[in-house]
Ligand SMILES: Nc1ncnc2c1ncn2[C@@H]1O[C@H](COP(=O)(O)OP(=O)(O)OP(=O)(O)O)[C@@H](O)[C@H]1O
């Protein structure tokens, strides 16, 4: 793999859930309608980078993370890790992927077993994966230096399994041994690990191993791991705890004895235990007090540098994303709508959803507070029945009206809402007009009353006064509603007011900063359209 190749490549990933079909659906024998939690997302994560995944609750971030890690099987699409498809892995290569790709969850309390000690929690993955590992194909070798003693009389043997503690390079685990005469070495403590003394010779190994020295005809040095598997695991747990900022004498304590921030550090130590290359951090600081959030984020930053880690950071919190990420992917209703370098995305957000997310963060400066905001209104629609075309269009302040419509965005949005209500037959005709003004037989009015009824209904449904041509169109459509012809009404409104945003789902164009929005879509002829003003 070259440095430019992604470590993780996600390609058209889909994850649908069928299991939540209601009892009614099943009784009625209706075809199951899946929850389209992740609906065709693609992105790359390069080695050593942090990609942020941001979006409102329920838009599919966690499901994406879990499916990338193969904690969930995908419905379609692929994830390649280090060039190999994650879903094709089996046996040894799947075990290796499980070691290499770890997760840190949001809630540090529920993700730690309350009955286990911290030592048990951090060593558990080591036990499951039978750490420390030794590979029979790795050659063990010593590099000898001598001081005050001729190298010709020194022989060094190294146990085959020292690769448990010494990382091999190109299939060779090299240990560095120094043998000095006692005159040169001065006083040494023979109890110190990695040092041994015999009749005027002091042997020392640079790695964290055991060493013995014997004097016979020459000087015989032997290097071994020197500790039991259990001791090695506890040593590693101690190192990890120290590395994440906890004290090593806390191994025998239980999760409830720690604060939220400390528990998250324990979760991070556990995720690091198997020396992963890649970690999914799923809202790692959302459950923590604001005062400790920055500490944990800084720790994650430091660990990334120290251990060459690659992160996928899932968060709904834009300040967390800005603090930690190199690039950001913005997710809405199972899809990615924009991906770009973090500074560019924060300073020049392109997708109206990204802009609205950024605008929903409270601003400090007065200038910023006075600026017109595009805040998010309404709820995220159901992922069982996402809107046609661009999924954000039902909440988007920048929906593109059909050409030559000549009405403003606000009026157009009102007409869109009206259309949606007509299409879903979500308009009650019961209380239209003054009492007894209209005779509703079988839920509709007689044809002679239809126009008057339509005018009254329009007054109830629309706040804005429409230009005459549109007034006529709307009254026409509502007259069809009045006589119960909802289809004719739907057709009439669609003919006039259907937007490209409803017809086509915009593609995420390949680019340094791609955005899936018709405002930037060449095919829809909108590239020249003015970008939304901030
Ligand atoms: N096991 C499941 N069965 C059915 N639906 C599910 C399942 N898991 C997730 N979902 C649904 O999939 C959608 C995406 O959920 P997901 O948890 O991935 O979103 P999220 O962006 O991570 O949100 P949050 O921040 O709230 O966790 C939601 O509508 C959710 O209800």
*residue 224-residue 487 pseudo-label distance in nm [points 7 Å out on the Cα-to-Cβ vector]*: 8.7
_Between residue 235 and residue 512, what's the calculated FRET efficiency when r is the beta-carbon distance and R0 is 51 Å? Round to 0.05._
0.65
*Alpha carbons only, please: Rg and Dmax for region 456-523, in angstrom.*
17.1, 53
*Give the span of region 139-224's Cα atoms along each principal axis, as three whole-Å numbers ordered largest to smallest.*
37, 27, 18
*Mean separation of Cα contacts under 8 Å (6+ apart) over length of the chain, as relative contact order %*: 15
*With each label point set 7 Å from Cα along the Cα-Cβ vector, what nm distance links residue 11 and residue 107?*
3.7
_FRET efficiency, 1/(1 + (r/R0)^6) with R0 56 Å, evaluated for residue 160 and residue 403 via beta carbons_ = 0.15
*Report the semi-axes of the equivalent ellipsoid for region 226-380 in whole Å, largest first, where each axis is √(5λ) for an eigenvalue λ of the Cα gyration tensor.*
38, 17, 13
*P(r) of region 372-414 in 5 Å steps, Cα pairs, percent per bin?*
5, 19, 26, 23, 16, 8, 2
_Net lengthening on full extension, residue 424/residue 465 (0.36 nm per residue, minus Cα-Cα)_ = 12.4 nm
*Report the relative contact order of region 99-189, percent, no decimals, based on alpha-carbon pairs under 8 angstrom and at least 6 residues apart.*
29
*Rg over Rh [alpha-carbon atoms, Kirkwood Rh] for region 98-198*: 1.16
*Restricting things to alpha carbons, tell me how big the chain is in terms of Rg and Dmax, in Å.*
32.8, 121
*Based on the Cβ-Cβ distance from residue 289 to residue 448, what FRET efficiency comes out when R0 is 60 Å, to the nearest 0.05?*
0.30
*Going 7 Å from the Cα of residue 504 toward and past its Cβ, which residues in region 394-419 have a backbone nitrogen under 17 Å from where you end up?*
399-404
_Likely footprinting exposure, 518, 256, 316, 351, fewest C-beta neighbours within 10 Å first_ = 256, 316, 518, 351
*How many nm separate the modelled label positions at residue 436 and residue 208, each set 7 Å beyond the Cα in the direction of the Cβ?*
9.2
*Span per principal axis, largest first, for the Cα atoms of region 391-515 (Å)*: 63, 27, 20
*asked:* Just to compare against my own numbers: the Cα pair-distance distribution for region 171-278, 10 Å bins, whole % per bin, please.
replied: 12, 32, 24, 20, 10, 2, 0
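A short reminder: the numbers here are calculations on the coordinates, not readings from a lab. Since the structure is predicted, the reported quantities are computational estimates derived from the model, not experimental observations. All Cβ positions, glycine included, derive from the backbone under ideal geometry; neighbour counts span all protein chains shown.
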